[in-house]
Structures are given as C-alpha cells and as structure tokens.
Amino acid sequence: MRERRTDDEFRLLGNRRRANSHKIARQDDEFKTEDNKRRAKVLKIARQDDEFKTEDNKRRAKAHKSEGQDDEFKTEDNKRRAEALKIARQDDEFKEEDNKRRAEALKIARQDDEFKEEERRRNALRIHNNRDKYKSNFDDMKSNYESKIKEGPTHICSCCGGLWFEYSIREYTVEMLTNKGLKAEFIDTLCYLKHAIIKLCVTCRKDIMSNKIPNLSLSNGLAFYEVPNCLKILTELEERLISPRIPFMVIRSLGSCKQFGLK
Ligand SMILES: [Zn+2]
C-alpha cells in the first residue's frame, strides 16, 4: 500500500475518493451520530498520550481566540485530527471498530453511482500503475524481491515454535495479553518458549484470542526432548549404533505403470 501511495496521481485520487465517501456517508444521519461518537473516542484515546494532550490544550486555547474561522486554524485542526487518529489506531480494539466503520462508510458511499464510477476508475489506474512499475526495469524488480526475502522466515512463534516471516508475527508482552482478558496460567501454558517478548504467529493468535490452546502448540506434547550432554558429542556412526530405530529407505518400481516411489 505504501508503495502504491508513492504515486502522486493515485494518492490525489485516493484522497478525493475518501473525502467524497465521507461526504456522502455523513448525509446519512445514523452514520453521522456514529461518526461523532467515534471522533470523541479517538480524542479520548489520543489524550491519554501526554505529548498529544499538551498540544491539544494549546490548540483549544487558540481555538477560543480565533473562533475557528481562519484558514490557518482549519489546517492545524485537520493535522491534529490526523495525529489523534494515528495514536488511537495503535489501540487494537479501536482499530477493529474503525475498520468496521470504514467498511460501512464505503458501503453507503457505493450506493452513489458517481462514486462507484470514480472508484472503478481509481482501481483501474492502480492496477495499470502496478503493472507498469516494473515493466521497463528488471533490476528494480529483482532488488525489491531480494530485499523482501533477505531475512527469510527466521522469527520463531513462542507457542508453536514455527518459523515465520516478520510480517506474520506480532509481538506481545505478558501484560498486553493479560489486558486482553487472558489468564496468567493460560498464557504460561501456551507460551512454551519463555521469552520476555512473546512472538505469536497468525494461526496461534486466532486460537489464543478465543481462549483456546492452538492444536500445534508445543505445550500439547509436540516439543522435542532435550538431548543430554553425553549424547551431543557422538559422531554420526555412534548415533546410528545406539539408535533404537533406524530409518531405512529404498526406491523401487510400483506396479505396471513403473512409476517410482519411496517405500
Ligand atoms: Zn504459532
């Protein structure tokens, strides 16, 4: 999304579309009430941030002076709202609600034919831009790909022990999980790998948030046993000699079709 937004034309269209969607949606009375409630909430969450609070108080004082009619104030006010929204969106619960609200606003706006046409045009432009971006520049495409796979799936989920790319992992502390209403013993059971920062993959997260221990959780007896120190120093041959099971494989033809398979 960030990359798409670097395209100026697309950004302009996107902003216009959003403004339009808001305009149409705000005509809907019910939506207006909801929206006002939401704004109050954004402000409430943002005001918990000290720096923001100081700024906001300054702004309020200024608003009283200028009665909010001059352009400079309006620009300031918009900036402030954007800032409040940014802070508030760090709150997970708020984010979910906000996404729902946006979807609703879009649904109302889509009833308007003109908006629908505009949206269609915007989507076509976005697809066109995306296709065009790498058309003439293979090197760009290559370096983009390489930078994305550079780190590899190296993040370990504290619950299932799986390896994940950075974007699939969310980081938590015990406190954050407790705040979400999870019990301390539950957190202790599911976090098999004990670290100060708990990393959870998307699959585990889904189960944990509904108060379930994920099927693939290491605490379900899926973890490997600790190898005793005296066994760590064995050579490959010695390991084979004392192993209770020796895996053995041959390749042979299967039936009339003569396909090869492992047995
Ligand atoms: Zn996991």
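Can you compute the FRET efficiency between Glu93 and Glu238 using 1/(1 + (r/R0)^6), with r the Cβ-Cβ distance and R0 = 41 Å? Round to the nearest 0.05. Don't jump to the answer; show the numbers that get you there.
Working: r = 56 Å, r/R0 = 1.37.
The value I calculate is 0.15.
Rounded to the nearest 0.05, what FRET efficiency do Ile251 and Leu216 give with R0 = 35 Å and r taken as the Cβ-Cβ distance? Could you check?
Values: r = 31 Å, r/R0 = 0.90.
Given R0 = 35 Å and the Cβ-Cβ separation, E is 0.65.
Which of Val250, Val227, Val42 comes first, and how do the rest follow, when ranked by fewest Cβ neighbours within 10 Å? All intermediate terms of the calculation are to be shown ahead of the outcome.
On the way: Val250 6, Val227 9, Val42 21.
Fewest-to-most Cβ neighbours within 10 Å comes out as Val250, Val227, Val42.
Once fully extended, how much extra length lies between Lys100 and Arg81, figured as 0.36 nm per residue of separation less the alpha-carbon to alpha-carbon distance?
Numbers: separation 19, 0.36 × 19 = 6.84 nm, distance 1.92 nm.
The Lys100-Arg81 span can extend by a further 4.9 nm.
With r defined as the distance between the Cβ atoms of Thr189 and Leu163 and R0 fixed at 35 Å, what FRET efficiency is calculated, to the nearest 0.05?
Values: r = 22 Å, r/R0 = 0.62.
My answer for the efficiency is 0.95.
Find how much the distance from Lys74 to Arg59 grows on full extension, using 0.36 nm per residue of separation minus their present alpha carbon separation; answer in nm with one decimal.
Values: separation 15, 0.36 × 15 = 5.40 nm, distance 1.10 nm.
Residue separation times 0.36 nm, minus the Cα-Cα distance, leaves 4.3 nm.
Restricting attention to the range 193-244, which GluC sites (Glu not before Pro) occupy a DSSP loop and are surrounded by at most 14 other Cβ atoms within 10 Å?
On the way: sites: Glu226, Glu236, Glu238, Glu239; in loops: Glu226.
Passing both the DSSP loop test and the Cβ count: Glu226.
Please go through the range 92-179 and write out the GluC sites (Glu not before Pro) that DSSP classes as loop and that have at most 14 other C-beta atoms within 10 Å. Show your work: numbers first, answer last.
On the way: sites: Glu93, Glu96, Glu97, Glu104, Glu114, Glu117, Glu118, Glu119, Glu146, Glu151, Glu166, Glu171, Glu175; in loops: Glu151.
Listed in order of number, the matching sites are Glu151.
Counting other Cβ atoms within 10 Å, keep those with at most 13, restrict to DSSP loop, and tell me which chymotrypsin sites (Phe, Trp or Tyr not before Pro) in the range 174-232 are left. Could you put the intermediate results ahead of the total?
Details: sites: Phe186, Tyr192, Phe224, Tyr225; in loops: Tyr192, Phe224, Tyr225.
Loop-located and lightly packed - Phe224, Tyr225.
Full extension from Glu51 to Ala196: what is 0.36 nm times the residue separation minus their Cα-Cα distance, to one decimal in nm?
Details: separation 145, 0.36 × 145 = 52.20 nm, distance 2.78 nm.
Extending this stretch completely gives an extra 49.4 nm.
For the pairs Lys95/Lys212; Lys74/Lys116; Lys86/Lys180; Lys79/Lys107; Lys150/Lys180, note any where the Cα-Cα span goes beyond 31 Å. The partial results should precede the final answer.
Numbers: Lys95/Lys212 23 Å; Lys74/Lys116 29 Å; Lys86/Lys180 21 Å; Lys79/Lys107 26 Å; Lys150/Lys180 34 Å.
Over 31 Å apart, Cα to Cα: Lys150/Lys180.
Measuring from label point to label point, each 7 Å out along Cα→Cβ, what is the Leu231 to Asn144 span in nm?
Taking the simple label geometry, Leu231 and Asn144 are separated by 4.9 nm.
How long are the semi-axes of the ellipsoid equivalent to the range 155-220, from square roots of 5 times the Cα gyration tensor eigenvalues, in whole Å, largest first? Please list the in-between numbers first.
Values: eigenvalues 51, 33, 24 Å².
Equivalent-ellipsoid dimensions as semi-axes: 16, 13, 11 Å.
Return the distance in nm (one decimal) between the two label points of a simple spin-label model at Arg11 and Ala223, each offset 7 Å from Cα along Cα→Cβ.
It works out to 4.8 nm between the two label points.
Any read-out appearing in this document is the output of simple, stated calculations on the displayed coordinates, not a laboratory observation. Remember, predicted model here, so these are calculated numbers, not experimental data. Here the Cβ is made from the backbone with ideal geometry for all residues, glycine too, and neighbour counts use every protein chain on show.
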